[in-house]
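Input: a single structure, listed below in structure tokens.
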Amino acid sequence: MNLHEYQGKSILENYGVAIQKGIVANNSNDALEAAEKLTDLTGTKWFVIKAQIHAGGRGKGGGVKLAKSLKEVKEISESIIGMQLITPQTPSEGKKVNKILIAEDVYYPGNSEPKEFYVSILLNRSTGKNMIMYSTEGGMDIEMVAEKTPHLIFNEEIDSALGLLPFQARKVAFNLGLEGAAFKSMIKFITSLYRAYVGSDASLFEINPVLKTSDDKIIAVDAKVSIDDNSLFRHPDFKNLRDLAEENPVEVEASEAGLSYVDLDGNVGCMVNGAGLAMATMDLIKQSGGSPANFLDVGGTADAERVELAFRLILKDPKVKAILVNIFGGIVRCDRVAQGIIDAYKNMGDTIKVPIIVRLQGTNAEQAKILIQKSKLDVIAATAFEEAAIKVQEVLR
């Protein structure tokens, strides 16, 4: 579950991580009021207006601007709220901005120059350990840093049984070239950040930039936070942080129905049971000259109701030119799945206007194939994986 910047920062602050102060607003009047409160709270005279969408690169798309007066706060807020913000991480049509964050200016003059760093925490899947990835090149796309200056990216792996050890936090601060008060502040920052990552059951913390201010404070200026959906039962308060307006509406509908659905960019819908079979099916589609339009797992109870809903979800994508149903009958019998497909097809009437290839393998697979053939519906039956691939090729020509 992805969070907005202001939500992620709230979690960080609860664990003692120093953040750039800010107040969220839904309209320009709220923004003006937030700016006035922020002045009273922090003394700031300038304000950073940040669009709140689930995508990075907001500044490049015009979604992050500096206001040097309360008048500019209102003007900039009116220009950002409601805009379709397009960034390298949004769909081509962009995302509508419904909220903004009014944040304090933290790039104030002082005894030293402000310095930006990059820090993220995530799971290293190859080692099974949490990893702190950090760089002196903050404020930039980390992918670009990795490509052009990979020696400036550091990794620190943490043994989950021991947690983050003091020497590891000191090592991070040392590699970032800090000293004195800033060195001590970074140690506290990294320690608190890792505690927040573990405590919130996050799958990703990305802080870019982490700022060393001109008076040697270390604070999170931005926060990209993703929470592991499987841990939400431990954090009932986090469920209210989900912003459905930021998610694909088809994926939301599927989730509410207990279906695993991920929208893709292809032309062949795939309906399967089981994640492993879904991956194999997408490979099959690709090898057949098509491109998967979705990842859809109907689970172990592929009855008529679930199959019909799956068809309806797939057909909401106008790019779909064919549907491949690939079900392995283990717990669920293939003949029951076949009957579910037939019933769903009849219920949907003329809604289905693309060819459907059905491959059923496992318990009662032959009976299932006979049922589909006898139904006289416009459904193409297949038994072997290779046969299904050939049928996909034929309908895409």
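The values are calculated or read from the model by the stated rules, or taken from the named source; none is laboratory data. In this text the structure is predicted, and so the values were computed from the model without any measurement. In this analysis, Cβ positions are derived from the backbone assuming ideal geometry, glycine residues included, and neighbour counts consider all displayed protein chains.
Inspect all residues belonging to the stretch 339-347 and state whether any of them is in contact (Cβ under 8 Å) with a residue 40 or more places away in the chain and β-branched (V, I, T). The answer is no, given that none of the residues of the stretch 339-347 is in contact (Cβ under 8 Å) with a residue 40 or more places away in the chain and β-branched (V, I, T). Just one of the listed residues (K376, K391) is assigned by TED's automatic domain parsing to the domain that holds C270, surrounded by fewer than 18 Cβ atoms within 10 Å (Cβ to Cβ) and of a type in the set (K, R), namely K376.
Counted as qualifying within the stretch 238-311 are no strands (runs of 3 or more DSSP E), as none has 3 or more residues that are within 27 Å of I390 (Cβ to Cβ), in contact with a His (Cβ under 6 Å, 6 or more places away or on another chain) and assigned by TED's automatic domain parsing to the domain that holds N98.
Given the stretch 102-179, what strands (runs of 3 or more DSSP E) lie entirely inside it while holding 2 or more residues that are crowded, with 19+ Cβ neighbours inside 10 Å and of a type in the set (S, T, Y)? Please lay out each step first, then the result.
Numbers: elements: 115-124, 129-135, 153-158.
The strands (runs of 3 or more DSSP E) meeting that bar are 115-124, 129-135.
Taking E13 as the residue in question, decide whether it is assigned to a strand (DSSP E or B), under 28 Å from the mean Cα position of the chain (by Cα) and surrounded by fewer than 20 Cβ atoms within 10 Å (Cβ to Cβ). Here the answer is no, as E13 does not meet what is asked. Given the options L85, L101, L66, name the one that is touching a residue at least 40 places away in the same chain (Cβ under 8 Å) and not hydroxyl-bearing (S, T, Y). From the options L85, L101, L66, the qualifying one is L101.
Which of the residues belonging to the stretch 225-275 are small (G, A, S) and closer than 24 Å to L122 by Cα? Don't jump to the end; show me each part of the working.
Start the filter on the stretch 225-275 by keeping residues that are small (G, A, S), which leaves 226, 231, 245, 254-255, 257-258, 260, 266, 269, 274-275.
Within the stretch 225-275, S226, S231, S260, A275 meet the criteria.
Assess whether F328 counts as being of a type outside the set (D, E), assigned to a helix (DSSP H, G or I) and crowded, with 17+ Cβ neighbours inside 10 Å. Before the answer, list the steps.
Details: of a type outside the set (D, E): yes; assigned to a helix (DSSP H, G or I): no; crowded, with 17+ Cβ neighbours inside 10 Å: yes.
When the stated conditions are applied, F328 does not pass them.
Show the residue pairs that are 6+ apart or on different chains and have beta-carbon atoms under 6 Å apart, the first residue being within the stretch 108-134 and of a type in the set (F, W, Y), the second being in a loop (DSSP other than H, G, I, E, B) and surrounded by 14 or more Cβ atoms within 10 Å (Cβ to Cβ). Qualifying pairs under 6 Å: F117/G138; F117/L176; Y118/G138.
Within the stretch 183-197, residues that are in the same structural domain as F167 (by TED's automatic domain parsing) reach partners that are hydroxyl-bearing (S, T, Y) with beta carbons closer than 8 Å, at six or more positions or on different chains, in the pairs S192/Y15; L193/Y15; R195/Y15; A196/Y15.
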